[in-house]
Amino acid sequence: MAMLALEKELEKLTKTARLSNALADVDKIIDMLTTAREEVESANDPHATSITLTKLQNPIQKGLEAVNEDIRSVYKGQSKFAKALDRAFTGEKVIKGGLPEDHDPMAEHPTLINRAIAMHLLREGQFGAASTFIKEAQPQQPDTSISRLQSQLSPSAVEFPESPRSATPTDTHVADVDDELSTLQSEALQSSFADMYSILSALKQHNLIPAIEWARSNALELEARGSNLEFELCKLQFIWLFKGPSVNGLPDTEQNGRQGALQYARENFGRFQYRHLREIQRLSCAMVYASNLPSSPYRSIFDITIAFDEVAASFTREFCSLLGLSAESPLYVAATAGAIALPQLMKFLNAVKGKGTEWTTSQEMAFETPLPKSMIYHSIFVCPVSKEQSTVDNPPVLIECGHVLAKESLQKLSKGSRYKCPYCPQEGMVKNVKEIIL
C-alpha cells in the first residue's frame, strides 16, 4: 500500500511540478524584451521609446508572476512528495519490529561509498561530474598533496606529484583517504571508458570495425580468458557484408555483398580454424543458399535481429573484465537489488507488526529476497570430491568436460599431464583446465 501511495504522489509530482513551464515563461519574457529592443532601435525616437517601454511593463510583470508561480508549484510538489516519503518509511506507521537503526555497516566506510558513486559516474561516461564529485569528496586540508601511487583500475601506472615535505601522521591518514578516490582520476582510466563508449556508439551504428580492432589488439588477454569475442565480431561482420548494400547500407563495391563477405572470410577466418572450424564451414556453405536463406538450414545463423545488441553486451563485459571490473556497475546492482527487496521488506515488517517481534539479524536479511539471475552471486564452492570448501590456494577449476573440481582434487586425480573425470568417462589434459573466479 505504501508503494502504491508513493507511485500516485510521484505521478502527481511529474504532472504538476515541471520546471519546463518556468523555462517557457522565461523564454516569453526574453522574446518580449528582444522585440521591444528591436522596435526602439528601428524607431530612433525618444517618444516612441517611452511608449514602447510603458506598454512593456504590464506584460513583463505578468510574465514574472507566472515564473514565480511555476517555481512555487514545483517547490510545493517536491514538499508534498518529501512528506509522502517520510510517511511511507519513517513517519506515521512505525512498527515495533522495525529496521535496526543503532548500527549502519557502511557508516565507517564513507570512502567506499564515494568510490562506488565516482566509479558509476565514470562508467556512465560522466567524466566532468565524476571529477567534480571526487574533488569535493576529498577532505580539504592545507598544504596536503597526493602521494605517488599506481592506479588499481588502469592497466598503466598513473603518477601524482609528491609533497616535498616529510609526511606527518595526519598527512598519511589524509593521503590514504585521498588515494582511494584519486585512483579514479586517472587519465588512462577515463580514456579507457571514453574508448569503450566510442566503440559502443559505433556498434549502435552497425559499425563493427572499431570493436574488431580493439579485440584484435587485446587478443592475447581475451584468449587467456577463453573469450570468443573477436570471432563473434568477425562472424557478424561476415554476415553483415553477406546481406549486401540493400541491407547494410554500405557502398556497392567488391568489398560488399557476397563477394566482399567471401573475401573477408579468406582474410580473417584463417586464425580461427582451430577453435571454430565447424562454424566457419557453416558460414561458407550458406553461400549455396544465398538466394533463399530464409528457407535454408542456415536461416537462424543469418538472423541478426538482436545480434548487434548481444555483441555490444559481450564487448562491454570483456572490456570491463580486462580493467578488473564487473560488467554491471556495483552501485546500479546494489540500488536495483535494494529496490526489488524493499516491497518484500515492507511486507515482512507489516506481518510482524501484530506479533510484536523484533528484528534479530544484524548482518543479514530475515528472509530470502527474490532477485533476477543476473544479481545472484555464489561466492562459496565446495569440491564434490574432497568435500572441502575452496580457498585462494585451492580454487575451483573447470575441466574440459564441464565439471568443476577443487584444484588439489584434480592434482590427486591426474596422472602426469592427463586426468580422468570422476563423474564421466571423458579424459583431458591438465594444461587445458581453467581456474574459476567466483
Counting only strands (runs of 3 or more DSSP E) entirely within the stretch 393-438, those with at least 1 residues that are open to solvent by less than 70 Å² (accessible area, probe 1.4 Å), aromatic (Phe, Trp, Tyr) and over 17 Å from Val382 (Cα atoms) are 418-420
So, first residue not assigned by the TED database to the domain that holds Arg72 in the stretch 2-29, second residue among the polar types (S, T, N, Q) and open to solvent by 50 Å² or more (accessible area, probe 1.4 Å), Cβ within less than 7 Å, six or more apart or across chains; the pairs are none
Answer yes or no as to whether Val311 is assigned to a helix (DSSP H, G or I) and modelled with pLDDT under 85. no
Would you pick out the residues in the stretch 199-250 that are under 21 Å from the mean Cα position of the chain (by Cα), hydroxyl-bearing (Ser, Thr, Tyr) and at pLDDT below 90? Ser227
In the stretch 293-339, what residues are among the aromatic types (Phe, Trp, Tyr) and surrounded by 15 or more Cβ atoms within 10 Å (Cβ to Cβ)? Tyr298, Phe302, Phe308, Phe315, Phe319
Would you point out which residue out of Asn248, Asn292, Asn256 is touching a Pro at 6+ places or on another chain (Cβ under 7 Å) and either of a type in the set (Asp, Glu) or free of Cβ contacts under 8 Å to residues at least 60 places away in the same chain (or both)? Asn256
Residue, nearest to Leu342 (Cα to Cα), within the stretch 363-399, restricted to residues that are at pLDDT 80 or above and acidic (Asp, Glu): Glu388
Going through (1) touching a Gly at 6+ places or on another chain (Cβ under 9 Å); (2) loosely packed, with under 14 Cβ neighbours inside 10 Å; (3) not β-branched (Val, Ile, Thr) one by one, Ser201 fails only at (1)
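Can you tell me which residue is most open to solvent (accessible area, probe 1.4 Å) among those in the stretch 217-244 that are over 30 Å from Val288 (Cβ atoms) and not polar (S, T, N, Q)? Write out each step before concluding.
Pass one, the stretch 217-244, residues over 30 Å from Val288 (Cβ atoms): 217-227.
Still in the running and not polar (S, T, N, Q): 219-226.
On the way: Ala219: 23, Leu220: 147, Glu221: 90, Leu222: 5, Glu223: 104, Ala224: 88, Arg225: 118, Gly226: 25 Å².
Once the filter is applied, the top-ranked residue is Leu220.
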State the number of residues belonging to the stretch 248-292 that are of a type in the set (A, V, I, L, M, F, W, C), out of contact with any Lys or Arg (no Cβ under 8 Å at 6 or more places or on another chain) and surrounded by 14 or more Cβ atoms within 10 Å (Cβ to Cβ). 8
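The values are calculated or read from the model by the stated rules, or taken from the named source; none is laboratory data. What you are looking at is a predicted structure, and each value in this text was computed from that prediction instead of being measured. Glycine gets a Cβ as well: all are built from the backbone with ideal geometry, and neighbour counts include every protein chain shown. Note: areas computed on protein heavy atoms with side chains; ligands, DNA, RNA excluded. Shrake-Rupley method; radii C 1.70, N 1.55, O 1.52, S 1.80 Å.
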